[in-house]
Each structure stands twice: as C-alpha cells, then as structure tokens.
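The values are calculated or read from the model by the stated rules, or taken from the named source; none is laboratory data. Small disclaimer: the values here were computed from a predicted structure and weren't measured. Reconstructed Cβ throughout: ideal geometry from the backbone, glycine too, with neighbour counts over all protein chains shown.
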Amino acid sequence: MKIGMNLPVMVPGLDRKTILEWARRIDAGPYSSLAAGERITFPNPELMVTMAAAAAVTERVRLALTVVVLPLHSPVLIAKQVATLDVISAGRVSLGVGIGARVEDYRAVGVPFDAKRLKRMEAQIALMRRVWAGENVVEGALRPVEPFPVQPGGPELLAGALVPDSIRRAARWADGICGFSFGPSAEEIGFAYKTARQAWREAGRGTAPRLVMSFWFALGDRAREQLDVYLERYLCFLGDDVAKALAPTVTTTSAAALRDAARMLADLGTDELILVPTTSDPDEVNRIADILG
C-alpha cells in the first residue's frame, strides 16, 4: 500500500511559506502523492492554483486532486487547467472528481444543487476526455483546446464516491475510487471496495479498480482537542449539533491508532492511503514518516 499526504488546505491561515514547505517536505519524504481537495465558501486556498504551486516545487510525487467538485465548473476549462497542470508537473496528475454535498458552494458559483448533479458530471467527464484526446469540441474553433496533457488521453480519473449507486455508475468511466472514511471504518471501507470490485467485473473492465482511501488524523498531547476543533469547523455546514456529534467518531488521535488504521486499510486491499492532517505545522510530515516508516 502506498501512502500519500494531503496538504493542510482546510486549516485556516495558510500562507506561501507554509504551503510550499509542506509541498517540498512531502516530495522529499516517503510519500507517493501530494493531495488537496476543493471547497468554495471556506478559508482554504483555491485548488488549481495551489496544486500548480506544488507542481512547481516538487519533482517526484503524484499530484492528487481529491476531489474536484466537477458540476461547479466548466468541463472544458477544467480540462484545460488539468492538462496545464499535467504539463507543469511532467505528467504527475491524478484527478478525483465528485458532486459534493455543500449547497453553499453551489450557490456561490451560481450552479443548481439538484438531483441531476451526477448525470451532469458524467456528461462533463465524457467531454473532458474528448478535449484531452485532441478533438475539437468548440464549434467554429480553428484549433482544439490545448495544451494536451503529458499523460496520453489525460490523467487517471477516480470517483470520489462511497455510496453504492455512485460506485456502480463510476465503473463505466473511472479508473477507481477515492473515498473518505471518518473512523476510519473497516466495515464501511470494506463494503465500498467489495461494491467497486464487483461493479468493475460486471462492467467488463479489464483491470481491477484502483482503491484510494483517506482519513483525518491528529497527533500529540492535544490531538483530541485539535481534531475536534478542526472537525467542528469543517463540518459546520451540517449544523453545530451534527458536527459535534460526528467529531468523536474520528479516532486516529495517536501514533498507535494511526498505525492500526493504516494496517487495517492495507489488509482490506487499499492501493493508496492519503492521510489528511488537521494542523498546518509542516513538522507533521516528518512525524508521520517516522511513525509509518
């Protein structure tokens, strides 16, 4: 099992020095990927700009976008941005996409939050693949949308899904899934993996799905407090009471708990674990390297 590290993009107060220090340390460490996710109405840096900065100061790690909330965007513009990022990084991009769950993010960009989001996303993905293949998708345009990605046909596409119906639909277009588990929960993750493997077989896919999973963690004497503050802030869109009730379900608050969770994920057949920090202290990158080897 490979192990990647998320940038601490959901921790408020990030600046240039902190973001670039995290990126450099992740690249210098034993990690397989440098990851980041997307929010709009939140104190996080914009995803594509952040990953472009990371691409410029790294040489080795994959750049995992986990995930882009695709219905918030123009698919042609996202295709161009991702291809550009692939060029800047010399072909190191991995693209996770999902439909998100935050109404306010949709309102912020003037896009309807409705039951057709998943269907719209699937149409967007098909259009993005046409762009990356070099097809001219713009009526009357003299040239296709460029640059073309370094990776032929575009980067791998992972579905940000744990719900069975979404996983089954993803078997038609995705290379795998990039899920997230609060606990993390072996039962939840195992069920998602079983669903994905079966869906890929039923769809006649020639290869098994790539299985990527993430969870939050905190370390140190104040780990529980740090995690609770982070989660109550991040989950407040669900309501204060719900956020406070969910926070204690995340149990990775020690080195031992982190090792146990990583071992559990490896036993379930996870291809890559991407850890999500709850502090902006770049020394966390080194601590995890020491804990997990």
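When residues in region 207-263 are screened for being under 30 Å from residue 156 (Cα atoms) and not basic (Lys, Arg), 20 of them pass. Scanning region 234-249 for residues that are more than 28 Å from residue 292 (Cα to Cα) and in a helix (DSSP H, G or I) yields a total of 9. Of all residues in region 93-134, exactly one satisfies the criterion of being under 20 Å from residue 82 (Cα atoms), over 21 Å from the mean Cα position of the chain (by Cα) and of a type in the set (Val, Ile, Thr), namely 131. All of 290, 281, 228 fail the test of being over 23 Å from residue 194 (Cβ atoms) and at pLDDT below 95, apart from 228.
Just to be sure, is residue 262 at pLDDT 95 or above, of a type outside the set (Lys, Arg), assigned to a helix (DSSP H, G or I) and over 16 Å from residue 182 (Cα atoms)? When the stated conditions are applied, residue 262 does not pass them.
For (1) of a type outside the set (Ser, Thr, Tyr); (2) in contact with an Asp or Glu (Cβ under 8 Å, 6 or more places away or on another chain); (3) under 20 Å from residue 176 (Cβ atoms); (4) outside any loop (DSSP other than H, G, I, E, B), each residue gets a yes or a no:
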{"site": "51", "(1), (2), (3), (4)": "yes, no, yes, yes"}
{"site": "77", "(1), (2), (3), (4)": "yes, no, no, yes"}
{"site": "82", "(1), (2), (3), (4)": "yes, no, yes, yes"}
{"site": "91", "(1), (2), (3), (4)": "yes, no, yes, no"}
{"site": "97", "(1), (2), (3), (4)": "yes, no, yes, yes"}
{"site": "115", "(1), (2), (3), (4)": "yes, no, no, no"}
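For region 184-229, the set of residues classified as in contact with a strand residue (DSSP E or B) (Cβ under 7 Å, 6 or more places away or on another chain) and in a helix (DSSP H, G or I) consists of 189, 192, 193, 196, 227, listed by residue number.
Flag set for residue 150, criterion: under 24 Å from residue 2 (Cα atoms) and aliphatic (A, V, I, L, M).
Restricting 12, 30, 45 to residues that are assigned to a loop (DSSP other than H, G, I, E, B), more than 22 Å from residue 289 (Cβ to Cβ) and over 17 Å from the mean Cα position of the chain (by Cα) narrows the list to 12. Those residues that are within 18 Å of residue 216 (Cβ to Cβ), under 19 Å from the mean Cα position of the chain (by Cα) and part of a helix (DSSP H, G or I), I need them from region 265-283; list them, please. Residue satisfying the conditions is 265 alone. Residues in region 57-75 that are farther than 12 Å from residue 92 by Cβ and outside any strand (DSSP E or B): 57, 70, 71, 72, 73, 74, 75. Selection within region 50-87: residues that are over 27 Å from residue 123 (Cβ atoms) and out of contact with any strand residue (DSSP E or B) (no Cβ under 7 Å at 6 or more places or on another chain). The member of this set that is surrounded by the most Cβ atoms within 10 Å (Cβ to Cβ) is 53. For region 167-187, which residues satisfy the criterion of being at pLDDT 95 or above and either farther than 29 Å from residue 84 by Cα or more than 16 Å from the chain's Cα centre (by Cα) (or both)? Matches in region 167-187: 168, 169, 171, 172, 173, 181, 184, 185, 186, 187. Note on region 178-217: among residues that are touching a Pro at 6+ places or on another chain (Cβ under 6 Å) and closer than 21 Å to residue 276 by Cβ, the one that is surrounded by the most Cβ atoms within 10 Å (Cβ to Cβ) is 196. None of 137, 145, 111 is crowded, with 20+ Cβ neighbours inside 10 Å and either touching a strand residue (DSSP E or B) at 6+ places or on another chain (Cβ under 6 Å) or more than 16 Å from residue 209 (Cβ to Cβ) (or both) except 145.
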